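Here the structure is laid out as structure tokens; the discussion comes afterwards.
The values are calculated or read from the model by the stated rules, or taken from the named source; none is laboratory data. Treat the numbers as computed from the prediction; the structure is a model and nothing was measured. Heads up, the Cβs are rebuilt from the backbone with ideal geometry, glycines too, and the neighbour counts pull from every protein chain shown. Note: areas computed on protein heavy atoms with side chains; ligands, DNA, RNA excluded. Shrake-Rupley method; radii C 1.70, N 1.55, O 1.52, S 1.80 Å.
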Amino acid sequence: MIRSGASASTVDYRGMKRSTRMSIIAGVAVFLTLVSGVSFAAWTASSAKTATATTGAVSLTTSTTAGAATITALGPYTYTATNGSVTKPITVRNTGSVEASITSVTITRSGTLAGNQVAVKFWVGTSSACAATTPVVSSTLNGGTVSLSTLNLTLASTGSAILCTSTTFTGSMTTQAGKTTTATFAVNSSAGTNWNTTDSTTAASRSFTQDIFESKAPNAPTATQCVNQNSYTAITISWSTPSGFTTPNGGYNVYYNGGFVANTSGNSMGLSSSGATGDLTVRAVAADGTESVDSATIPVEPRFFNYGLSCG
């Protein structure tokens with residue numbers, strides 16, 4: 001029975017008519033032709049897609065049309081108070097041949113001022129004035145890659161946009177005084193799923209330095225003078241700015257016999273009061289209130305029966 005089953009499954013062409021055998025052969029030939037045609041069509045589609053993909057290019061820069069760096073505008077900058085802030089526009093230009101979306105910014109930093117002491121925010125600007133808009137992406141200069149996808153910033157080929165950026169010192173002026181940091185931004189973009197690029201501007205043109213004002217006792221005012229006024233009851237004292245005393249500063253404090261009289265931002269002051277013999281001195285004041293030593297003394301004395309002052 002086993003042998004009989006094997007014989008039954010064997011096709012014997014010898015008993016067929018010649019026309020029947022030709023029909024079977026023709027059918028097989030048509031089937032092979034169709035299969036070959038499907039395979040060839042699939043290969044052609046794949047080849048065409050690859051050729052199209054290689055014609056595009058993605059490229060990004062953060063400079064003006066004239067080539068001026070824009071990230072560097074964030075420094076050098078000196079913070080003179082906690083919560084002091086600086087805001088600048090960053091020009092983002094798509095120099096590639098395909099549309100691209102801004103995806104993130106990679107922040108690296110070095111220096112003695114820790115990155116978490118400076119907050120940073122990004123938003124899309126409608127002009128170089130960088131008026132506040134939403135949404136806003138918040139982070140710090142602590143380093144790492146910050147996603148900007150929520151800003152939905154997409155640039156057409158050869159298009160540009162403004163990425164506004166603000167940095168704010170959030171630490172203690174006393175604790176962080178004199179410390180500094182250098183930060184570098186690298187803006188990243190993508191086209192589709194697999195095409196990615198990073199800001200092609202040189203690292204030096206994507207870096208900025210920021211520091212915290214360090215208070216130092218200024219030098220004492222020099223060249224003190226006293227002039228009697230025509231009223232015969234008043235005087236004017238004046239002095240010269242000490243070397244190295246630049247803004248920001250707290251002006252000058254005037255003292256009479258060691259007691260505080262007034263503060264002024266100028267280099268002179270008029271005085272009129274009940275007369276008494278004594279000495280006036282002037283001290284330069286740093287931005288945080290640190291004073292210099294006393295200037296040379298300016299002797300004064302009473303005038304007209306102790307009414308008013310006169311230069312001594």
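List of remarks:
- Shown is the FRET efficiency for Ser240 and Thr80, computed with R0 = 30 Å from the Cβ-Cβ distance and rounded to the nearest 0.05: 0.80.
- Mean separation of Cα contacts under 8 Å (6+ apart) over length of the range 48-162, as relative contact order %: 30
- Net length gained if the chain between Ala73 and Asn142 were fully extended (0.36 nm per residue, minus Cα distance): 22.9 nm
- Of the solvent-accessible surface of the range 154-210, computed with a 1.4 Å probe over protein heavy atoms with every protein chain present, carbon and sulfur atoms account for 49 percent.
- Proximity of backbone amide H atoms, modeled 1.01 Å from N, is registered between Gly308 and Ser273, Ser274, Gly275, Arg303 at under 5 Å, excluding neighbours fewer than 5 places apart on the same chain.
- Label-to-label distance, nm, for residues given as Ala296 and Ala57 (7 Å Cα→Cβ offset): 7.1
- Efficiency of FRET from Cβ geometry, Asp279 and Lys216, R₀ 35 Å, rounded to 0.05: 0.85
- Length gained on full extension, Ser149 to Ala204: 17.2 nm, using 0.36 nm per residue less the C-alpha separation.
- 3J(HN,Hα) along the range 281-290, derived from phi through the Karplus expression 6.51 cos²θ - 1.76 cosθ + 1.60 where θ = phi - 60°, amounts to 9, 10, 10, 7, 10, 6, 4, 8, x, 5 Hz, with x in place of Gly and Pro.
- Percent accessible area from carbon and sulfur atoms, the range 222-312, protein chains only, probe 1.4 Å: 50
- Residues whose placed amide H lies under 5 Å from that of Thr103, excluding near-sequence neighbours: Asn188, Ser189, Ser190
- In this structure the amide hydrogen of Thr145, modeled in the peptide plane, comes within under 5 Å of the amide hydrogens of Ile107, none closer than 5 places in sequence on its chain.
- Charge sum, other residues only, whose C-beta stays under 14 Å from Thr61's C-beta, Lys/Arg counted +1 and Asp/Glu -1: +1
- Here the Karplus curve 6.51 cos²θ - 1.76 cosθ + 1.60, taken at θ = phi - 60°, turns the phi angles of the range 73-88 into couplings of 5, 6, x, x, 9, 10, 7, 10, 7, 4, 6, x, 9, 9, 10, 9 Hz, with x standing for Gly and Pro.
- Asn194 versus Thr108: modelled label distance in nm, points set 7 Å from Cα along the beta carbon direction: 2.8
- Ligands, DNA and RNA are left out, and with a 1.4 angstrom probe the accessible area of the range 98-256 is 46 Å² per residue.
- Label-to-label distance, Ala223 versus Ser128, with points set 7 angstrom from Cα along the beta-carbon direction: 4.0 nm.
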